[in-house]
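The values are calculated or read from the model by the stated rules, or taken from the named source; none is laboratory data. What you see is a predicted model, and the numbers here were worked out from it, not measured in a lab. Reconstructed Cβ throughout: ideal geometry from the backbone, glycine too, with neighbour counts over all protein chains shown. Quick note on the areas: whole protein, heavy atoms, side chains included, nothing else; ligands and nucleic acids left out. Shrake-Rupley method; radii C 1.70, N 1.55, O 1.52, S 1.80 Å.
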Amino acid sequence: DTPVESLLPTPAALQEEPEAPEEADDPDDTFFHGGDAFVAWLITGETRAYATPGGYFRAVVPARSVMEGGPGAWEAVLRFSYIDLDSGPLRGGKFWRISPTLNWHFSDNLRWEFGYGYGSLDRFETTGRTHFFQSRVQIQI
């Protein structure tokens, strides 16, 4: 489960994180696998610091926050996720989704996210598809 990231100090970031645990010795044990990948671009030119010890991207800090009369930071994100929940006697199906998102970072601790997603679940020889829109406000204390 080692993520692979872009470590360059640029407005763009790339991360891929596969999820595949070791296979069990007992054939009746379940074995699920999947992962996700995303690419992000800070349109306003900021960079996203990477914390090597914890293996994660730090919060975006706008060059000029909205509270200071600036535009804040705008970020475009595209994420793809996949999971296979079929294993042994369990038939959870295979699910994938693609989610373009636009984030508006008002300051280093306030963000408004606008997202769209399209997903597909293949289960029991039937495929179901869905579109979704979501928005959230995130406050970091």
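Some values worked out for this structure:
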item	result
FRET E, pair Ala49, Ala76, Förster distance 22 Å, beta-carbon r, rounded to 0.05	0.75
Residues of region 75-137: accessible area per residue with a 1.4 Å probe, Å²	61
Nearest-0.05 FRET efficiency for Ala63 and Leu90, computed from C-beta distance (R0 41 Å)	0.25
Sum of side-chain charges, Tyr118 neighbourhood, beta-carbon under 14 Å (Lys, Arg +1; Asp, Glu -1)	+3
FRET E, pair Glu125, Val39, Förster distance 22 Å, beta-carbon r, rounded to 0.05	0.10
